[in-house]
1. Name the residues in segment 21-35 that are within 16 Å of P75 (Cα to Cα), open to solvent by 80 Å² or more (accessible area, probe 1.4 Å) and in a strand (DSSP E or B), would you?
2. In the set D31, D101, D20, which member is at pLDDT below 85 and within 13 Å of the chain's Cα centre (by Cα)?
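The values are calculated or read from the model by the stated rules, or taken from the named source; none is laboratory data. Source: prediction; values computed, not measured. Keep in mind that these areas ignore ligands, DNA and RNA; they rest on the heavy atoms of the full protein, side chains included. Shrake-Rupley method; radii C 1.70, N 1.55, O 1.52, S 1.80 Å.
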Amino acid sequence: MSKAIEVDIALGVLDHQLVDRDGQNCGKVDDREIARLNGNAREVVEIIVGGNAWRSRGLLGRLLARFSGDAVHVPWPEVDAVSSVVTLRRRAAELRLNRGDDRWANLVGKVPGS
């Protein structure tokens, strides 16, 4: 981001839809990495999407994390804007946020009416 913006790190980012620069939905923010600055100030360093980021979300989250692989870590400077969605500066493929698209497309494509 070109200039710093103040965002509630709990409500302003977590579980928000991610949209790449082309407007393509590419997941939701499942977690965030926060660093402590001087004093008590905190800063979001990266957002974490999918995979083992779900392990802290109860029994179902732990189960899903076991089968979904590694999470994708997106550096905070890749975030262009935060509103009702989190808009990214680059395409989903460039940030590895489309890893399951081809696999799921093959499976879903076999379902009648999909």
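1. Of everything in segment 21-35, those that are within 16 Å of P75 (Cα to Cα), open to solvent by 80 Å² or more (accessible area, probe 1.4 Å) and in a strand (DSSP E or B) turn out to be K28, E33.
2. Checking each option against the conditions leaves just D31.
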